[in-house]
Amino acid sequence: MFPSSGNYGANETKCWRIEVLKPYEGIGIYFHYFEIEECLDCECDYLSITRDITFYRFESVLDDDCGRKSTSYQKYLLKTQGKMPSVQPNGRDIYVRFVSDGSVHYRGFNFSFIAESDREGPKSFLNASEDETIEFGTPKVGIKNYPANFAWQWFLIVPEGRRVQITFDTFELERSKNCTKDYVEVREAFFEDPNNPSSEIRGDFGAILAKSMCGSTKPNPIQSTGNMVWVQFVSDSNTTTTYKGFKASFTAAVDGGFTEWGLWEPCSSSCGPGSQSRTRNCTNPPPNNHGNDCEGPRAEIQGCISGPCPVDGGYTEWGPWGPCSSSCGLGIQVRHRNCTNPLPSNHGNDCVGQRTEIQGYNSGPCPVLGSDKGQKQEQDNTDDKSKDNTIRILVCVAIGVNGVGILLLVGALIYFGRRLG
């Protein structure tokens, strides 16, 4: 990508070299955006790609090496072109050169590249059903060595939505630096025209699953990302360095899939806020043949409310004592409290305990009618004239109402007088 941010500058010249090693034979380039000033014959700003140091002009994606092709347009091209590169210069070394003039500057360019394999030998197309395992490899493994100057291609295909799982059983090839003589390589396979399933299946530009392998160390299992894989075996012309070869098998790796979510469990609380959960299982289908487990949560939790909780009633504080029932002498006082702190609600319990309290109270001595002298004179006169029989009766009655003891004081003064002479 050039530049890494913003627009490119004035009068810039930038050069890059890209190289891939044997046994790869070429390089494929995929542009992701291309925004270089439009100018007649691209004489202002331009990008050139070549495989030698003389830097001849190389046609870009649209037979042009300047102009503007937006990111969305490049995505459209990649979608319609599939895995085929936009630019396929020959050779393992390429040189990229960018030049700008003194005015009008744009975003620049961004591309990625991939090494190209050399397709050699006849082809075998092997389709494995979901429960099938198919073997493949060099001729007569374990009986005789593979021949010199031998090449073969295998296209391994499993049902759509599945992935190819390759397991090596036997592996014994000539060892060489970078595995450039006798080797096995594995790449993703693809249709040359992604919109035409009957087009050629290729692997030379597919994503590399295993670079060239040689020697006697058995490779680890290999798993694709798509449902098609390209495997190629190549041996050189040296007849004295042929070995046992390799034998492998492949099957359809089935990734696990989730079932639908189950029903929500009951709320954890019988009233008020709580939580509830639901689950799903990785059985639709279950993982098989080294397929991946399900990705994502197996359980979900959410808040829930089961309705309002019952509220038991609560008493207020006691109110003040009321006035005495008698202005003098003995009487009673009453005070109250209410079941409103809080009120019972949602079938909550009523308050427990007395709502009213009563106590006795003495308001002090009652006053005597008249003065002391007058009272005495009246008494003397009465004593002279008659003899009074006075009976004073004090009655106290205790009455129970609703479990509350109420003391009722009743004072009765009854006079029976009999005047004598």
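We did not get these values from a lab; they are worked out from the coordinates using the rules stated. Quick caveat, the model's predicted, so the values are computed rather than measured. Methodologically, a virtual Cβ is constructed for each residue, glycine included, from the backbone with ideal geometry; neighbour enumeration extends over all protein chains shown.
Taking a ≥ b ≥ c as the square roots of the eigenvalues of the Cα gyration tensor, an a/c ratio of 1.5 or more together with a/b no larger than b/c marks segment 106-193 as oblate. Note on E174, E130, E200: ascending count of other Cβ atoms within 10 Å places them as E200, E130, E174, the fewest first. By the beta-carbon count within 10 Å of each Cβ, the least crowded to most crowded order of V87, V164, fewest first, is V87, V164.
Which links in K22/K144; K14/K181; K75/K247 stretch past 31 Å when you go from one Cα to the other? As for pairs spanning more than 31 Å Cα to Cα, those are K14/K181; K75/K247.
Note on S216 and E317: the extension gain reaches 27.1 nm, defined as 0.36 nm multiplied by sequence separation minus the Cα-Cα distance.
Applying 1/(1 + (r/R0)^6) with R0 = 51 Å to the Cβ-Cβ distance of E295 and Y361 gives a FRET efficiency near 0.05.
Highest average first, the peptides 13-24, 202-213, 185-196, 259-270 ordered by how many other beta carbon atoms sit within 10 Å of their residues are 202-213, 185-196, 13-24, 259-270. Taking R0 as 45 Å, what's the FRET efficiency between M1 and R278 from their Cβ-Cβ distance, rounded to 0.05? Step by step, r from the Cβ atoms, then E = 0.50.
Please work out whether segment 13-116 counts as rounded, prolate or oblate from its C-alpha gyration tensor, where a ≥ b ≥ c are the square roots of the eigenvalues and a/c under 1.5 means rounded, while otherwise a/b larger than b/c means prolate and anything else oblate? Provide the component values of the computation, followed by the final result.
Details: a/c = 2.25, a/b = 1.25, b/c = 1.79.
Taking the square roots of the gyration eigenvalues as a ≥ b ≥ c, segment 13-116 is oblate.
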